[in-house]
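S.K.: Before I ask anything, let me first share the structure, which is written out below as structure tokens.
Every number here is computed from the coordinates shown, using simple stated rules; none is lab data. Since the model is a prediction, treat every value here as computed from it, not as a measurement. Note that each Cβ is placed from the backbone with ideal geometry, even for glycine, and that neighbours are counted across all protein chains shown.
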Amino acid sequence: MKKTFLRTSAIICTVVMVLCSSLSVMADEDLSQKYKSVSDSEYDIDGIQQSNQQFTFDDATAEELIIDANKLPVYADKTGNAINPGQILKQANTAAVDAANSFGAYPRRKGVILVTADKYKGLIPTGHAAIIWTTNTVVESLSGGVTTGVNNWNRSKKSCYGVTTYGTTAAQDSRAANYAYAKIGKPYNWNYVNKWTRNKFYCSQLVYAAYLDLFQINLDTAAYLSAVHPMELVNSSKTYTIYQK
């Protein structure tokens with residue numbers, strides 16, 4: 001009698017586990033269909049993820065970042081060696097800094113950071129960031145994960161900033177681009193406050209991680225606490241602007 005009871009109990013438990021597993025799979029499939037991302041933008045976000053971005057990156061702070069970025073002067077790009085803030089100030093007062101020195105020219109150099117303040121679908125102030133890989137290619141993280149894109153932001157974006165870091169040489173910037181390129185295929189990180197993970201990346205986190213991991217240069221600011229908004233890469237005290245549209 002006891003054996004029969006135990007056998008019956010085991011059968012019931014197995015049936016319950018199978019049913020729960022089936023319901024879980026069905027629920028996952030339903031959610032997948034319900035929240036499937038649309039594909040009418042280069043970095044589309046579904047309903048839940050839109051709310052996440054809008055909650056993390058509020059309009060007021062984003063507008064302040066843009067206003068501050070637009071006040072920044074535009075300097076000539078580094079030609080090889082690292083530049084410090086003191087050299088930049090001296091450079092700004094030197095007549096030799098002109099168009100012939102690529103002053104304000106759209107960047108093509110490997111390792112230059114690109115940022116746009118453009119809002120997602122004109123509504124959500126997420127902006128976007130990438131790092132130049134080749135003359136015609138950037139590395140960026142879109143909704144599908146880390147990938148390459150076209151280096152034509154001077155034409156494809158309404159606003160664009162080209163920035164580079166103090167304290168790194170052009171060769172080191174190139175290494176930062178290599179770091180980002182090695183992450184191609186990694187998924188998108190929808191948890192914007194978790195900038196420490198290296199298993200997935202959002203756009204500005206990818207650039208932030210490259211410079212932090214390779215050179216211990218922290219490009220984040222206090223604007224969004226632990227989240228890294230693309231415009232923070234422009235306003236960081238560790239970068240200077242070499243192009244602005």
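S.K.: Modelled label-to-label distance, Trp196 and Gln172, 7 Å Cα→beta-carbon offset: nm?
M.R.: The answer from the label model is 2.5 nm.
S.K.: Could you check the simple spin-label distance between Phe215 and Thr135, using points 7 Å along Cα→Cβ, in nm with one decimal?
M.R.: That separation, rounded to one decimal, is 2.4 nm.
S.K.: Then there's this: Give me Ile66, Ile132 ranked fewest to most by other Cβ atoms within 10 Å of their Cβ, as a rough exposure proxy.
M.R.: Arranged by neighbour count, lowest to highest, Ile66, Ile132 become Ile66, Ile132.
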